[in-house]
Structures are given as C-alpha cells and as structure tokens.
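Participant: So that we are looking at the same thing, I have put the structure below in structure tokens.
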Amino acid sequence: MAEAILTTSQLVKRYGQNTVVDRLDLEVSRGECFGLLGPNGAGKTTTLKLCLGRADPDGGTIEIAGIAVPINARQARVRIGVVPQIDNLDPDFTVSENLVVYSRYFGLPAALIAERLPQLLEFASLTGKANAKIGELSGGMKRRLTLARALVNDPDLLFLDEPTTGLDPQARHLIWDRLKILLGQGKTIFLTTHFMDEAERLCDRIAVLDNGRKIAEGKPRELIAQHIEPEVVEVYGDDAHSWRVANADLTDTRFEESGETVFAYTRDAAPVLARLKDREERVRYLHRAANLEDLFLRLTGREMRDD
C-alpha cells in the first residue's frame with residue numbers, strides 16, 4: 001500500500017450517552033479516492049468533523065500527512081481542501097472574488113493567486129462567469145466553484161461531503177469528470193456520499209459505517225463479490241409479492257422484499273427468468289449484475305433511518 005496521508009486509530013466521539021463514532025480505524029493512501037458510506041446517523045459527518053479538527057475526539061488519534069489533529073489542526077488545514085454538503089459561497093462577491101478572498105485565508109502571495117485564478121476558473125468551466133455574482137449561477141456552477149475554491153491552496157487531500165447532492169445528472173457527471181482529473185493529478189480524495197453509483201465509479205476503496213462502527217472495508221467490486229450473489233432480478237408491480245410466494249421453491253435464490261419490489265439474488269438467473277416468462281402481464285422485471293447498492297442494503301438493512 002502507498003504511503004498513508006490520513007489515519008485514524010481507535011477514534012471515539014460521544015454526545016452524552018450516545019457513541020456516534022466507535023473505535024474507528026481508517027487508513028487512506030496518497031493518490032486514492034476513499035469512500036465513507038453509511039445510512040443517516042452512521043457517523044460519517046462526525047468523522048469528517050473530527051478529521052478537520054472541528055470537533056474534539058473522546059478517544060483515539062488522527063493524523064493528516066503526519067500532523068496530529070486536533071492539536072495541530074491549523075497546520076493540517078493548510079494541506080487539505082474541503083467541499084461541504086451545502087455551498088457556502090459569499091453572495092456579495094463575484095465568482096473570481098470568491099476565489100481570491102478564500103486564497104488570502106492561506107496567506108498566498110498576490111502573484112501566486114493571480115497565476116492560479118485562470119487555472120481554477122478553467123477547471124470549473126467558469127471562465128465566462130468570472131465576473132458573475134453567485135446568485136446568477138446554476139446549482140451545478142455553484143458546486144463546481146465550491147470545488148475550485150477547495151483547490152486554491154493546492155491541497156494534498158480533499159474532503160468531499162456529499163458533493164453532488166441536489167444536482168441533475170448532467171451536473172453530476174461533470175463533477176465526476178473533474179474529480180477524475182484531480183485523481184489523475186495525484187490528489188487524494190476522501191468522499192462521503194449517498195449515491196452508490198458515485199462511490200462505485202470513483203472510489204478505489206470504501207468503508208461502510210453503521211452506528212458509528214466500521215462494518216466493512218475494501219475495494220467495491222471485491223466487497224460485492226464477497227457479500228452478494230453476482231446476479232439480481234428485480235421483480236416489481238402489484239403481483240410481485242404473490243410471485244415470490246409462488247416461487248419460494250427456487251433453489252440457490254435469496255429473496256428480499258421492499259415495498260412492491262422483490263429482489264431475487266442468485267448465481268444463475270436462468271431459472272428465475274424462466275419462472276417470470278408466464279407472468280409478464282402481471283409483473284415487470286429487470287435482470288442486472290449485483291452492485292454497490294445491493295451490498296450497502298445487505299450490510300445496513302432496508303429500513304428507513306432518521307437523521
């Protein structure tokens with residue numbers, strides 16, 4: 001494994017009697033995209049706050065590029081960039097001014113800021129919007145600007161907290177493209193997301209949290225192969241439940257049910273598909289490969305979680 005840029009060891013955070021991060025060990029290597037996944041309340045956002053020095057742990061250690069956090073959090077922040085869940089751009093400034101003002105927080109020389117500004121605008125595809133006010137930007141533009149702002153100090157490590165929430169598919173794909181460019185440049189990305197396709201596309205490795213504990217870690221495809229049958233048939237419609245009951249005798253098939261959808265997990269979908277041919281007027285179905293969402297639901301359950 002490459003050199004670690006972020007490590008946590010036995011990390012603990014409590015709020016009253018509630019332990020929201022429970023003895024968490026993480027190791028993120030330079031140059032990789034590492035995804036932290038989990039249902040609402042699993043401890044993802046708290047873990048980010050701890051790593052950024054915005055909350056003090058109740059136990060354990062954190063190091064970023066060999067710098068202890070939170071005791072030296074200010075020194076560590078010089079090496080990182082942050083894209084928060086909600087854009088916090090200054091509406092009183094133009095696109096360029098948002099980048100320039102933020103650059104000054106790092107004490108960058110004016111000449112260096114002037115040199116980086118066109119590069120950041122081009123990276124965000126906002127060169128033509130340099131003098132626009134924030135209120136004139138679309139949601140996707142704001143997100144790209146927030147990402148560009150996180151790069152003003154040329155950080156080694158980027159923390160992205162649900163970076164594409166609320167964006168349309170075109171905007172999401174453009175953000176993904178920019179993140180892949182950064183990974184190609186050797187940047188390290190620490191990503192939290194609720195979009196399993198996003199994690200599967202971007203992440204070299206993932207960790208799954210539930211109730212503050214790490215319950216799985218590894219490469220997405222390897223974890224899927226370890227925990228989930230390779231083929232999935234989704235059966236949906238008003239008659240899906242009765243179809244499942246009528247076909248409970250199917251061997252080597254595991255059923256899960258959520259709402260009006262039955263999920264048939266199997267290593268050979270042919271027998272399942274054969275049973276569906278005579279019911280095409282009563283149910284619809286989709287045959288696909290197992291994916292990261294299947295893994296996530298297998299590990300954390302299908303029940304709704306409160307924030």
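Participant: Pick from the range 115-137 the residues that are small (Gly, Ala, Ser) and in contact (Cβ under 8 Å) with a residue 40 or more places away in the chain: which of them is least open to solvent (accessible area, probe 1.4 Å)?
Facilitator: The residue in question is Ala124.
Participant: Pull up the range 121-168, narrow it to residues that are among the hydroxyl-bearing types (Ser, Thr, Tyr) and over 15 Å from the mean Cα position of the chain (by Cα), then point me to the one that is nearest to Gly184 (Cα to Cα).
Facilitator: Ser125
Participant: Further question on the same structure: Among the residues that make up the range 153-163, is at least one of them over 30 Å from Val208 (Cβ atoms) and in contact with a helix residue (DSSP H, G or I) (Cβ under 9 Å, 6 or more places away or on another chain)?
Facilitator: Yes, the range 153-163 contains at least one residue that is over 30 Å from Val208 (Cβ atoms) and in contact with a helix residue (DSSP H, G or I) (Cβ under 9 Å, 6 or more places away or on another chain).
Participant: For the range 149-193, which positions are among the polar types (S, T, N, Q) and at pLDDT 90 or above?
Facilitator: Asn153, Thr164, Gln170, Gln185, Thr188, Thr192, Thr193
Participant: A further question on this structure: Going by what's in this entry, would Gly59 be described as open to solvent by less than 40 Å² (accessible area, probe 1.4 Å), more than 24 Å from Phe195 (Cα to Cα) and of a type outside the set (Ser, Thr, Tyr)?
Facilitator: yes
Participant: Continuing with this model, one more query. Out of His241, His227, I need the residue that is over 16 Å from Leu286 (Cβ atoms), in contact (Cβ under 8 Å) with a residue 60 or more places away in the chain and either open to solvent by 30 Å² or more (accessible area, probe 1.4 Å) or among the aromatic types (Phe, Trp, Tyr) (or both). Which one?
Facilitator: The conditions single out His227.
Participant: Something else now. Looking at this structure, is Ala171 surrounded by fewer than 19 Cβ atoms within 10 Å (Cβ to Cβ), on the phi < 0 side of the Ramachandran plot, touching a Gly at 6+ places or on another chain (Cβ under 6 Å) and small (Gly, Ala, Ser)?
Facilitator: Judged against the criteria, Ala171 is a match.
Participant: Go over the candidates Gly166, Gly184, Gly140 one by one and state the one that is without any contact (Cβ under 8 Å) to a residue 60 or more places away in the chain and under 20 Å from Arg30 (Cβ atoms).
Facilitator: Result of the check over Gly166, Gly184, Gly140: Gly184.
Participant: At pLDDT below 95, among the basic types (Lys, Arg) and open to solvent by 30 Å² or more (accessible area, probe 1.4 Å) - does that describe any residue in the range 280-290?
Facilitator: yes
Participant: Return yes when Thr164 is in a helix (DSSP H, G or I) and open to solvent by less than 70 Å² (accessible area, probe 1.4 Å) and no when it is not.
Facilitator: no
Participant: What do you reckon, is Glu32 open to solvent by less than 60 Å² (accessible area, probe 1.4 Å) and among the charged types (D, E, K, R)?
Facilitator: The answer is yes for Glu32.
Participant: While we're looking at this one, here's another question. When residues of the range 76-114 are filtered for being open to solvent by 30 Å² or more (accessible area, probe 1.4 Å), among the aliphatic types (A, V, I, L, M) and assigned to a helix (DSSP H, G or I), how many remain?
Facilitator: Residues flagged as open to solvent by 30 Å² or more (accessible area, probe 1.4 Å), among the aliphatic types (A, V, I, L, M) and assigned to a helix (DSSP H, G or I) within the range 76-114 amount to 6.
Participant: Consider Glu293 carefully, then state whether it is under 30 Å from Ala42 (Cβ atoms), acidic (Asp, Glu) and not in a helix (DSSP H, G or I).
Facilitator: When the stated conditions are applied, Glu293 does not pass them.
The values are calculated or read from the model by the stated rules, or taken from the named source; none is laboratory data. Computed from a predicted model, the values in this text were never measured in an experiment. Note: ideal-geometry Cβ built from the backbone for every residue, glycine included; neighbour counts use all protein chains shown. Heavy atoms of the whole protein, side chains included, go into the accessibility calculation; ligands, DNA and RNA do not. Shrake-Rupley method; radii C 1.70, N 1.55, O 1.52, S 1.80 Å.
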